[in-house]
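Colleague: Here it is, the structure in full.
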Amino acid sequence: MKTLHKINTWAVVTNLFLCIIPFLGMLALLPLGLLQLILAFIITGRYYRNLDRKRRSVLLKYWLFVTLEVTIMVVVCLFDGFSDLSAVFLLFLFPACIAIYFVYTTYTITKYFKYGNTAPQH
């Protein structure tokens, strides 16, 4: 899990540096998103049963954000088309926020496995 978090963190940091030139940042979001989806599938498949309620909630929120983003992008593309403003938000800002949230997700899960859970589970 620690390795997955390090890979994710370095991918996001690299992408943030590439965002200095917005075009490169947007291009780098594509492989970052693919990488994060692969990591999320690995975490969900391998570690989900071992997580407590709080970490499961954090991971499920990530999947909710991803699902909402994809759904909104499809609806906007099919029914409205992308205006300049909607394209910036839907293709650049929201995915970047989701990517940063996934770093938080992997961080909390890594800390949970490193230090364990001392509180009783309900």
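Colleague: Tell me whether region 72-94 contains one or more residues that are touching a residue at least 12 places away in the same chain (Cβ under 8 Å), closer than 28 Å to residue 116 by Cα and in a helix (DSSP H, G or I).
Modeller: From region 72-94, those touching a residue at least 12 places away in the same chain (Cβ under 8 Å) are 72-73, 76, 90-92, 94; that's our starting set.
Within this subset, residues satisfying the condition of being closer than 28 Å to residue 116 by Cα are none.
No, region 72-94 contains no residue that is touching a residue at least 12 places away in the same chain (Cβ under 8 Å), closer than 28 Å to residue 116 by Cα and in a helix (DSSP H, G or I).
Colleague: Just give me the residues in region 1-29 being more than 18 Å from residue 59 (Cα to Cα), assigned to a helix (DSSP H, G or I) and of a type in the set (A, V, I, L, M), in sequence order.
Modeller: Keep residues of region 1-29 that are more than 18 Å from residue 59 (Cα to Cα), which gives 10-11, 13-29.
If we keep only those that are assigned to a helix (DSSP H, G or I) too, we end up with 10-11, 13-18, 22-29.
Within region 1-29, 11, 13, 16, 18, 24, 26, 27, 28, 29 qualify.
Colleague: Provide a single number: the residues in region 78-106 that are of a type outside the set (A, V, I, L, M), surrounded by 14 or more Cβ atoms within 10 Å (Cβ to Cβ) and modelled with pLDDT of 95 or more.
Modeller: First, pick out the residues of region 78-106 that are of a type outside the set (A, V, I, L, M): 79-84, 86, 89, 92, 94-95, 97, 101-102, 104-106.
Cutting the leftovers down to surrounded by 14 or more Cβ atoms within 10 Å (Cβ to Cβ) gives us 82, 86, 89, 92, 94-95, 101-102, 105-106.
Add one more test, that the residue is modelled with pLDDT of 95 or more, and what stays is 101-102, 105-106.
Final tally of qualifying residues: 4.
Colleague: Let me ask another. Restricting attention to region 44-69, which residues are exposed (fewer than 11 other Cβ atoms within 10 Å of the Cβ) and either of a type in the set (Val, Ile, Thr) or touching a helix residue (DSSP H, G or I) at 6+ places or on another chain (Cβ under 8 Å) (or both)?
Modeller: 67
The values are calculated or read from the model by the stated rules, or taken from the named source; none is laboratory data. Source: prediction; values computed, not measured. Positions of Cβ are generated from backbone atoms using ideal geometry, with glycine treated the same way; all protein chains shown enter the neighbour counts.
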